[in-house]
Amino acid sequence: MAKNQNDGRLDTVIGPGTSVRGDFSVTGGVRLDGQVEGRMDVTETIVTGPRSVLKGELHCRAAVIAGRIEGDVHAAEGVELQGGAQVYGNICSKGLVIQPECVFQGNCTMAIADEVA
């Protein structure tokens with residue numbers, strides 16, 4: 001995965017025990033350890049913890065996923081599924097890394113950054 005343009009800084013944290021419902025946008029990076037239901041637009045990298053749940057579409061620059069996503073993932077750069085991650089939806093990105101013991105049910109489209117919408 002490429003280094004964050006914001007030097008790996010996580011500007012927004014959705015902690016454990018937090019539930020968010022609705023679509024929202026974040027300028028910068030995000031750490032998700034809670035639950036989100038809705039579309040997320042993240043300008044930088046999103047990192048999801050092992051107990052996190054996202055039910056909705058994700059648009060980001062890059063994603064490191066250890067939790068559960070039920071929806072499509074659109075990343076301008078790369079997506080990494082860490083051990084135990086679960087993705088039920090399609091992934092569109094420039095690169096994809098899948099660690100052992102992940103679940104990925106969907107299709108993957110490898111695209112250049114300008115094609116990822």
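The values are calculated or read from the model by the stated rules, or taken from the named source; none is laboratory data. No experiment lies behind these values; they were computed from the predicted model shown. All Cβ positions, glycine included, derive from the backbone under ideal geometry; neighbour counts span all protein chains shown.
Remarks
- Picking from residues in segment 29-52 that are over 9 Å from the mean Cα position of the chain (by Cα) and polar (S, T, N, Q), the one that is surrounded by the most Cβ atoms within 10 Å (Cβ to Cβ) is S52.
- Residue selected from segment 53-77 under the condition over 9 Å from the mean Cα position of the chain (by Cα) and part of a strand (DSSP E or B), by the criterion surrounded by the most Cβ atoms within 10 Å (Cβ to Cβ): R68
- Residue in segment 1-30 that is modelled with the highest pLDDT, counting only those that are in a loop (DSSP other than H, G, I, E, B) and of a type in the set (K, R): R9
- Leading residue by the ranking (surrounded by the fewest Cβ atoms within 10 Å (Cβ to Cβ)) among those in segment 78-117 that are of a type in the set (D, E) and at pLDDT below 95: D114
- Residue count for segment 78-97 under the criterion of being in a strand (DSSP E or B), over 18 Å from G49 (Cβ atoms) and not small (G, A, S): the result is 3.
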